Structure formats: C-alpha cells, structure tokens
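Everything on this sheet refers to the single structure shown next.
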Amino acid sequence: MPRHLLWSCLLPLLLAGCAGDDGLAVVRAERGALPLVMVETGEIGAVRAQDLRPPQDWESSLIIVELAPEGTVVAVGDTVARFDDSALARPLADVEDRLRNLAVQREGTVASQSSQRQALVDAVAMAELSREQAQLQLAKLQFESQVRQQESRLTAERARIALDEARAKLVAQAILDSLALAKADLELADARAQRASLLERRRARSLLSPLPGLVVYLEQEDRQGKRTKPRVGDAIDPWRPIIQIPDLSAMQVTMMIHEVDRHRVAAGLPVKLRLEAYPEAEFTGRIESIARLAAELETGSGVRAFPTVARIDGADPRLRPGMTAIVEIGLGEVADAELVPRAATSERDGAWFVYPRADWPRPLQVRPLAVTPMTVAVAAGAELPAGTELVAAPPKEEE
C-alpha cells in the first residue's frame, strides 16, 4: 500500500510573506494552537463481508455461465453467479421417471392387495359359515347312530381346520402386503431423496447473496501463476471463493503505520479521511485496532509497518471497498505557542534557531514544542512575541 508520512498544520496560519526594503523575505510568528496529524494512505473496506464459494460438487465440472457485474448493489437472495447445470438435467429426468413408475406400481400393488384381502376375508366368512353348519348338523344327530355322529364330528373338525387356515392366510397375507408396501415406500423414499439431492445440487449452482451489499470479484490464480478475476466460461475449483459481498452499512479504512511511528498511534484516536474519487467529501472515524505484529510492506523491501484499522462513522453510498483514501490521524495539538513557518527556522545539532529581521543576521535560539513539515510550534516567551518578523530562510553561512 502506498504510504507517506506528513506532519501538517490544520489551522490556517496568517503568515504574510513579503520582501522588505532590505530585500529579505520575511514572515510573521503568530500565537495560536497547532493541531498535529499524521497523514497516511489507506484502503476502504467493509467491516463485515461474506465470501461466496462454488457448490462442493465433485461429480461434475463447475463452469460459470452467469455473473452479476462487479460493483452491482444486491439485496438478500439476489443471484450473483450461476454455474452450468446441464449435466444434472438427464439424471433429474431419469429420477422423475422412476418416481412416476414407482408411484404407479405402488398404486397397482395397493389395488391388488385390496382385492386379495377381500377374497381372503370372504373365504374366512365362508369357513365360519361352514363350521357353524357342521356344528348344527352335529347337534341334530345326537340321537343318531354312532357312525353318523362320528361322520358329523369329522365334518365339523374339517370346518374348524378350514376356518383356522383361512384366518391364517388372511394374517399371513396382511404381513406380506405390509412388507410389499414397505419395500415400495422405501423405493419411493430413495427416489425422492435422489431427486432432492439433484434439485439441491441444481439450486446450489446459483449463488445467492446472503446479505445486502456490493458484488466484488475475488482474484483467482491460474495454472501459470497469474491472478485473474472470474469470468463467464471459467471452470472453478469447488473450494475457492469467487465473490465477496461486503456489507456497505459499516465501513472501515485499513492503513499501514510505519514502525517508527507506531508509538504515536493508539486505538481511539480520531481520523478524518478524503477519497481520491470524491476529494470534496470528508468523513470521520476513530482508530479501532492496531496489529500486534509488524508486516513487511513489500516482499524484500525490509520496510515494516503495522496494519491499522479505523472505523468510519455512519454510512455513505460513496464509500466503496477498494477505494483509496487519504487519512489524517489526529494526534492532539499544541494548545498555546508561537507558530513559525518551517522555512524561517534552522536546526543544528539538535538546537533550533530563528532569525528576527530586527537582529539580522544574528540567530535567536528557540525551544520547539512540535515540528511539522510546514510549521514549528515554539514555546511562547518574551524573546519571540507574536507578530515578530522573521527572515523566511536561514542564511547560507549559518546552515
């Protein structure tokens, strides 16, 4: 990420530069407060975002056939990508045919069982009637010969056995019917499960937005090591996310704080930022987190910095992920000092000097309270009252 460090004065200084009769360029020291800021370059991002991956389908290739344009604002449930599902059409048609055939077969089985059951019920009824008739006949022959009584008892016993057999057949057939229906139901359940699986696989071929946000393409690395964004016609690996949906209702800016400046920055410090795309707009926020460990800015550069995140106040449709922002981190202020343009000072061996025009070219040593590239805040005192005219550049012999 590009970075530059700049201390600047946010409060405009009324320093009037002019050339006097002696040809010297002069400025004036002014009494006031000097806000201190650190300026960094950052990148806008969403606080919350969700990556969308292709379906975990290893049985067929995943080829993109439709993509929502990058930058499209989407709502929950909007389709952001779709993969080719033609390979599922034939299996789905086959399982639908199987379901229809199994349903017809089950209906036929139920009808056949109903007919058989009725026949067995009728057989039981006839057997019961025959047994009753045999018992009545046996009762009539109680005064007949032993031979006829024995024949009647045998007839009654045969009727009882026939009734028991008819009842047993009815029970056995009910069990067989139940097993047949259970088998048919299992086959139907299996076919329905296959259909549900295929429908789910087909549904998963469409990626839907899980939250309102913005479509952002994620780069993919091809076999040659090049990083490219997804396109229609690409074959995608199932485990790689291809789209990110950031939530635009909560935004942040990420920047890199050089390790030499880490001690100046703390969580909670206020920030102001401007977008390169909208330089007239100003946004505010606060430092939210600073990484515990420094990271190398560029591989092999040896320059290390701390990734730092600032939360942006409110929401604004102009804030989009990936935008570049200039971030001013507020580090406090020097409340009461003499503000001297940096060009009117010189520094030697840690000592700072200014050059009052009235005493030119004799230098006046001052005690700086804060130094920025534009302004030096000097401790107020009688030796440098407000409005003192100062030579705008140190003399060459004093440098």
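The values are calculated or read from the model by the stated rules, or taken from the named source; none is laboratory data. What you see is a predicted model, and the numbers here were worked out from it, not measured in a lab. Backbone-built Cβ (ideal geometry, glycine too); neighbour counts: all protein chains shown.
Can you pull out the strands (runs of 3 or more DSSP E) entirely within the stretch 207-313 that have at least 1 residues that are surrounded by 11 or more Cβ atoms within 10 Å (Cβ to Cβ) and either free of Cβ contacts under 8 Å to residues at least 12 places away in the same chain or among the basic types (Lys, Arg) (or both)?
Values: elements: 243-246, 251-258, 270-275, 283-290, 304-312.
Fully inside the stretch 207-313 and qualifying: 270-275, 283-290, 304-312.
Which residue is farthest from the chain's Cα centre (by Cα), if the candidates are limited to the stretch 32-65 and must be of a type in the set (D, E, K, R), surrounded by 14 or more Cβ atoms within 10 Å (Cβ to Cβ) and outside any loop (DSSP other than H, G, I, E, B)?
Taking the candidates together, the pick is GLU40.
Would you please name the residue that is farthest from the chain's Cα centre (by Cα), looking only at residues in the stretch 270-284 that are over 14 Å from GLU40 (Cα atoms) and not hydroxyl-bearing (Ser, Thr, Tyr)?
GLU280
Sort through ALA189, ALA156, ALA193 and tell me the only one that's outside the structural domain of VAL65 (by TED's automatic domain parsing) and either more than 30 Å from ASP57 (Cα to Cα) or not small (Gly, Ala, Ser) (or both).
Values: ALA189 fails: either more than 30 Å from ASP57 (Cα to Cα) or not small (Gly, Ala, Ser) (or both); ALA193 fails: either more than 30 Å from ASP57 (Cα to Cα) or not small (Gly, Ala, Ser) (or both).
That would be ALA156, the only listed residue that is outside the structural domain of VAL65 (by TED's automatic domain parsing) and either more than 30 Å from ASP57 (Cα to Cα) or not small (Gly, Ala, Ser) (or both).
Suppose we filter GLY302, GLY332, GLY387 for residues that are in contact with a strand residue (DSSP E or B) (Cβ under 6 Å, 6 or more places away or on another chain), modelled with pLDDT under 85 and in the same structural domain as GLU259 (by TED's automatic domain parsing); which single one remains?
GLY387
What's the number of the condition VAL76 fails, among (1) free of Cβ contacts under 8 Å to residues at least 60 places away in the same chain; (2) part of a loop (DSSP other than H, G, I, E, B); (3) of a type in the set (A, V, I, L, M)?
Only one criterion is unmet by VAL76, namely (1).
Could you grab the pairs with beta carbons closer than 6 Å, sequence gap of 6+ or different chains, first residue in the stretch 336-349 and at pLDDT 85 or above, second one among the aromatic types (Phe, Trp, Tyr)?
THR345/TRP352; SER346/PHE353
If PRO210 passes every condition in (1) more than 13 Å from VAL80 (Cβ to Cβ); (2) under 21 Å from the mean Cα position of the chain (by Cα) but one, which one does it miss?
(1)
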